[in-house]
Each structure stands twice: as structure tokens, then as C-alpha cells.
Amino acid sequence: MSSGKLLMVGAGLSGAVIGRYLAEQGYDISIVDARDHIAGNCYSKRDADTGVMVHVYGPHIFHTDDEEVWNYVNGFETFMPYKNRVKTTSGGAVYSLPVNLHTINQFYGKTMRPDEARAFIEEQADTTITEPQTFEDQALRFVGPDLYKAFFKGYTQKQWGCSPTELPASILKRLPVRFNYDDNYFFHRFQGMPENGYTVMVERILDHPNITVHLNTRFTRDQAAEYDHVFYSGPLDGWFDFDLGRLGYRTLDFERFTFEGDYQGCAVMNYGEEEVPFTRITEHKHFAPWESHEGSVCYREFSRAAEPDDIPYYPIRQVKEKELLGRYVERAAQTDGVTFVGRLGTYRYLDMDVTIREALDTARAFLDAREAGTKMPAFAVQPL
């Protein structure tokens, strides 16, 4: 067993998982978080009026092919079966996403078999585009103008706040189009929802005698001197007081409303048209189909550029941001005693399972470095 004082900045998945792993190895773990709750953006709580489990910062659906991570989360909470079946309203009709054989047949008023639909979509596609450079190129090449306009163009424009012609083709690397009737949004082997919400799961991860959690506590860099090492899951540019400029993010505004009964009959309804100002409506009781509630809690989601005081959700990672990121990464590499982790610390969009995988790997890398007497790097996973 080891000993030493370690600080986790952030009580989300990264800080909790790294903290728990190293606490079990005998380290004294302090966790600080500026918010008044644990679990970061996957924080969930029961609505007092309806009893519905609400995903406070937007829906989080657990899906992974990583068996170790699946076993890890199930060690702290029971995961109930859940399939994410997204619907979208476009042109006065409701369709299922991702675009599948039912979507295609419904949209075009046809009854095509898979091979017929493949050939038909290839006819719609713009085959003059041989090397798609932008999101729009990619979509036009693989589904053609009609499906692109109905399901991708407006939604993408609202989500990212710019024309799809300005976004890289990589966002649509593998365009989700299926030539069967499978409407499960994810391909992953393991999919589910925590029976009692993510907050309970994170509470249990943090429940160890070597872990102390301090909420409503802002981290300042001078605190680092009191610890043997810091694992920092705050914004990378925030560590350096944003002195080279701020990395760009999109944020979300949520418009909450309640409904007596069932508002939309599904958990997620997208709105693909540009004229509709919000990207989607989420109805949270449908994220726990094993429960039964009369009342309903819904949220309209609006995406916009994040201001300094907003919660950063999606890293933009365009050319300008990547250049600035490169400069911060260089600075971080020369900083001793801190490892930058998680979505904000590495300026990458990470699903929950990847966050947990990287946290486990980071904790193990720290132990290996200690044993070998070598320096723990600033990044266990390179951001660029």
C-alpha cells in the first residue's frame, strides 16, 4: 500500500473514479468541486413534485463495448436495460433516428427492401463529391440533399451555431444510416440506465474512508503545493487563468416545463428544422421506463456559444481552437505535479464510458510512475 496526499479537482466521473482507485491503494484523497453537488454533468435528482428522476444537465445514457467499465459501474449501481430510441419532427411528420429503412420508406412514401433502399439512396447522393471536406459534403455524398435537409442540416446548424459548410467532415465520419429497421441509437453491447440515478452511483464510488469531498469549494493553483499530486478535471485554459485566451465551447440553455400525463411518448424528440429555435425536447420519465409517474418533466434545449460564466458542454475544436489548444498543451507539459483529465482537462468530447476508462488508466499510470520513480505526465491521453 502507498501513502501520500492527492487532490482531485472536480467531483465528476474523472475525479471520483481516479480518487476511489487511489484511495483503495492507501492514498489520502481530497476532492474539491465548485458546485454544490457531486457527479458533475451527469448529476441526477428526483423532481419533488412528480417523483421523476431528472438528468439536470441533459440526458446521459450509458453505452459501451468496454466490459471492464460496464462491470465497474454495475459494481456501484444496478443498471437497468434501456435502449435509446430517438424520434425527430421534420416537415410536419415524426420519424425515427438514426435514419433507417423505416425512416427512408416513410420519408419517400415507398416500401423498399434493404438492397433497393441502398441503390435508391446512392441515386440521391452527390457522387461528384469524391473527397468530402465538410459536414455538408459528407452528408450530400452519402444521403443526398433531401434527407440532409430534413434530418441533418438545421439540427447541426443550431447545435454548432455555424453553417455545416464550416464544420469538418469528420463529425459525420460514419453517417448513421441503416438499411434495416433497427432504431436503437447506439451499437454498443452494453446499454442501460442506473436504477437510482447517476448521483447515487457516484456517491457510492466516493464512499471510502480515505476520501474527503469539499463542495462549494473553488480550487486555486496555490493549493497544489499542499499535495503530492493534483488530478485536474477543470478547464485546461482555466489552470493558466486563460492568459492565452479562452478555448471555445458550446453551452446549453434548458427551458423546463411540466405536463400532466405523457407529453411526447418518447424520451428524446429532435427538431431538425432551422425555424424551430430549440434542438430537441427531452421527457425525463421515459429515461426510467421501469418507473411509473403521472406527471412529466420536460426540457427544451437551446444551444449557443458559451460565455465565461456558462457551463461548457461541447468543445468546438475547430482550427482556431486547436491552435490555441496546442499552446496550452505545450505549457501543461512543462507543469509539474498535475495531470489534466476528463472532458474539460483535455478539451475533448468524451462519453461517460470513455471518461471512466481513461480515469482507470490514469490511476494505474500514476501508480506505475510512482513505483518506477518517474514523473507522472501532464496528460495520460494526449489531447491533440
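Residues in segment 166-183 that are modelled with pLDDT of 95 or more and surrounded by fewer than 16 Cβ atoms within 10 Å (Cβ to Cβ): Asn180, Tyr181, Asp182.
Give me the residue from segment 9-30 that is of a type in the set (A, V, I, L, M, F, W, C) and farther than 27 Å from Pro59 by Cβ and, out of that set, surrounded by the fewest Cβ atoms within 10 Å (Cβ to Cβ).
Per the criteria, the residue is Ala23.
Can we say Leu215 is modelled with pLDDT under 95 and of a type outside the set (D, E, K, R)? So Leu215 fails the test. The C-beta contact set for segment 22-50 (first residue within 30 Å of Arg256 (Cα to Cα) and in contact (Cβ under 8 Å) with a residue 12 or more places away in the chain, second residue of a type in the set (Phe, Trp, Tyr) and not in a loop (DSSP other than H, G, I, E, B), distance under 7 angstrom, 6+ apart or interchain) comprises Ala39/Tyr198; Cys42/Tyr198; Tyr43/Tyr198; Ser44/Tyr198.
Of these, Ala139, Ala117, Ala150, which one is in contact with a strand residue (DSSP E or B) (Cβ under 7 Å, 6 or more places away or on another chain), in contact (Cβ under 8 Å) with a residue 12 or more places away in the chain and buried (at least 18 other Cβ atoms within 10 Å of the Cβ)? Criteria check complete, one pass: Ala150. Residue check: Asn74 meets all listed conditions (1) without any contact (Cβ under 8 Å) to a residue 24 or more places away in the chain; (2) in contact with a helix residue (DSSP H, G or I) (Cβ under 9 Å, 6 or more places away or on another chain) but one, namely (2).
Got at least one residue in segment 297-304 being among the small types (Gly, Ala, Ser) and free of Cβ contacts under 8 Å to residues at least 60 places away in the same chain? No, every residue in segment 297-304 fails to be among the small types (Gly, Ala, Ser) and free of Cβ contacts under 8 Å to residues at least 60 places away in the same chain. For Asn105, the conditions (1) surrounded by 15 or more Cβ atoms within 10 Å (Cβ to Cβ); (2) in contact with a strand residue (DSSP E or B) (Cβ under 9 Å, 6 or more places away or on another chain) all hold with the exception of (2).
Restrict the check to segment 109-120 and report whether at least one residue is closer than 30 Å to Glu321 by Cα and out of contact with any Cys (no Cβ under 6 Å at 6 or more places or on another chain). Looking for residues that are closer than 30 Å to Glu321 by Cα and out of contact with any Cys (no Cβ under 6 Å at 6 or more places or on another chain), one finds none in segment 109-120, hence no.
Just one of the listed residues (Arg343, Arg331) is surrounded by 15 or more Cβ atoms within 10 Å (Cβ to Cβ) and more than 14 Å from Gly15 (Cα to Cα), and it is Arg331.
Within segment 196-212, the residues that satisfy the criterion of being out of contact with any His (no Cβ under 7 Å at 6 or more places or on another chain) and not polar (S, T, N, Q) are Gly197, Val200, Met201, Val202, Glu203, Arg204, Ile205, Leu206, Asp207, His208, Pro209, Ile211. What is the one condition in (1) in a strand (DSSP E or B); (2) touching an Asp or Glu at 6+ places or on another chain (Cβ under 7 Å) that Arg357 does not satisfy? Exception for Arg357: condition (1). Only one entry of Asp47, Asp33 meets the criterion of being surrounded by fewer than 23 Cβ atoms within 10 Å (Cβ to Cβ), over 16 Å from the mean Cα position of the chain (by Cα), modelled with pLDDT of 95 or more and not hydrophobic (A, V, I, L, M, F, W, C), and that entry is Asp47.
The values are calculated or read from the model by the stated rules, or taken from the named source; none is laboratory data. In this text, all values refer to a predicted model and were calculated from it rather than measured experimentally. Every residue, glycine as well, gets a Cβ built from its backbone with ideal geometry; the counts of neighbours run over all protein chains shown.
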